[in-house]
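The structure under discussion appears below in the form of structure tokens.
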Amino acid sequence: MAFIILLGPPGSGKGTQAKQLIDELSLPAISTGDLIRQEVANDSPIGRTAKSFMSQGQLVPDNIIIELFKHSIKQPKFSNGFISDGFPRNAEQAESFDSILSANKNLPVYVFLFEVSLDTLLERILGRQVCQTCNHIFHKKFNPSKSIDVCDNCGGVLTTRIDDSEPVVRERHSVYLEKLNPMLNYYGSRVIKINAMQAPEVVFQEVMSHLALAK
Ligand code: AP5
């Protein structure tokens, strides 16, 4: 199969597209944001450290996140490739990802960059709801659940993320911009830019058009 890396600012639709790609390609996905939120929910030592960074819109330190990522992808289901949502976030993580992938030289790697304006990101994030049980993503206006605050997918309760307040989103966005150019310089011509301001199904078709993958 392949490794598919989804880069983009908070709210650009990485999680939404990852979920569609899982279904279409039968490829597993890994989200470092979800991994961290699970650690926070478990109140583990990693979770307690990570929460203070996350709630202020800062990146969790590289040593923690890289170890968490490396540990998670050891699961056999990831050995034939996966979709990576939220990792890497900076040039150091990108380098580390490449060294992890070097053991799988035969698999293609696609690096997508979702581009969206700040106003649109704010509108998307401030309307986002996430299922507490299955992590399915909704939006109060753009993708509402059929019953208020209830997940269509599993019946779980829909909640708002602790880092989805406007000041924290603005901080996350500025951290994103600060780390972006060094990471883009690292990837160079490998980056495939996607206009992620379009409707989710249009973005999905654009991504799919770049993937020369057998289903
Ligand atoms: P993480 O969970 O990865 O958050 P993020 O990157 O900030 O991205 P989001 O999850 O907010 O947005 P998204 O792009 O997935 O958009 P979504 O599809 O949900 O990370 C959270 C925190 O964890 C970080 O701030 C950091 O502290 C820590 N962390 C994680 N990874 C780390 C790493 N590698 N290193 C260090 N720290 C790390 O869509 C948003 C909303 O818009 C939804 O409501 C959706 O329904 C809607 N929507 C999506 N697409 C469209 C569309 N095309 N049109 C209209 N609405 C849309």
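Every number here is computed from the coordinates shown, using simple stated rules; none is lab data. In this text, all values refer to a predicted model and were calculated from it rather than measured experimentally. FYI the Cβ positions are ideal-geometry reconstructions off the backbone, even for glycines, and counts take in every protein chain you see.
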May I ask you to evaluate 6.51 cos²θ - 1.76 cosθ + 1.60, the Karplus curve with θ = phi - 60°, for each residue of the stretch 142-152 and list the ³J(HN,Hα) values in order in whole Hz, giving x for glycine and proline? 7, 8, x, 6, 5, 10, 4, 6, 10, 6, 5
Ordered by packing density, taken as the mean number of other Cβ atoms within 10 Å over each peptide's residues, highest first, how do 72-85, 24-37 rank? 24-37, 72-85
Stokes-Einstein D for the chain at 37 °C, 0.692 mPa s, Kirkwood Rh over Cα pairs, in µm²/s? 185 µm²/s
Considering the Cα positions of the stretch 17-143, please state its Rg to one decimal place and its Dmax as a whole number of Å. 15.5, 43
Report the relative contact order of the chain, percent, no decimals, based on alpha-carbon pairs under 8 angstrom and at least 6 residues apart. 32 percent
Within the stretch 21-52, find all residues whose amide N lies under 20 Å from a label point positioned 7 Å from the Cα of T159 along Cα-to-beta-carbon. 31-52
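Over the alpha-carbon set of the stretch 1-74, divide Rg by the Kirkwood Rh and report the Rg/Rh ratio to two decimals.
My calculation puts Rg/Rh at 0.99.
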Taking the Cα centre of each part, how many Å lie between the stretch 159-215 and the stretch 31-100? 17 Å
Kirkwood Rh, angstrom, the stretch 156-197 [1 / mean 1/r, Cα pairs]: 12.9 Å
Could you calculate the contour length gain from S147 to L177, that is, 0.36 nm times the residue separation minus the distance between their Cα atoms, to one decimal place in nm? 7.2 nm
With a cut-off of 15 Å, note down the residues of the stretch 19-47 whose backbone N falls inside the zone around a label point 7 Å from the Cα of C134 toward its beta carbon. 19-24
Work out which helices of the chain, taken as complete DSSP H runs, extend at least 27 Å along their axis over the Cα atoms and score a mean Kyte-Doolittle of -1.0 or more, then list them. 166-187
One-quarter of the Cα convex hull surface for the stretch 107-150, in nm²? 4.9 nm²
If you take every DSSP beta bridge whose two residues both sit in the chain, what share of them, in percent to the nearest 5, is antiparallel? 30 percent
Please list the radius of gyration and Dmax for the stretch 104-215, considering alpha-carbon atoms only, with Å as the unit. 16.7, 46
In the stretch 99-215 the DSSP beta bridges are antiparallel at a rate, in percent to nearest 5, of 60 percent
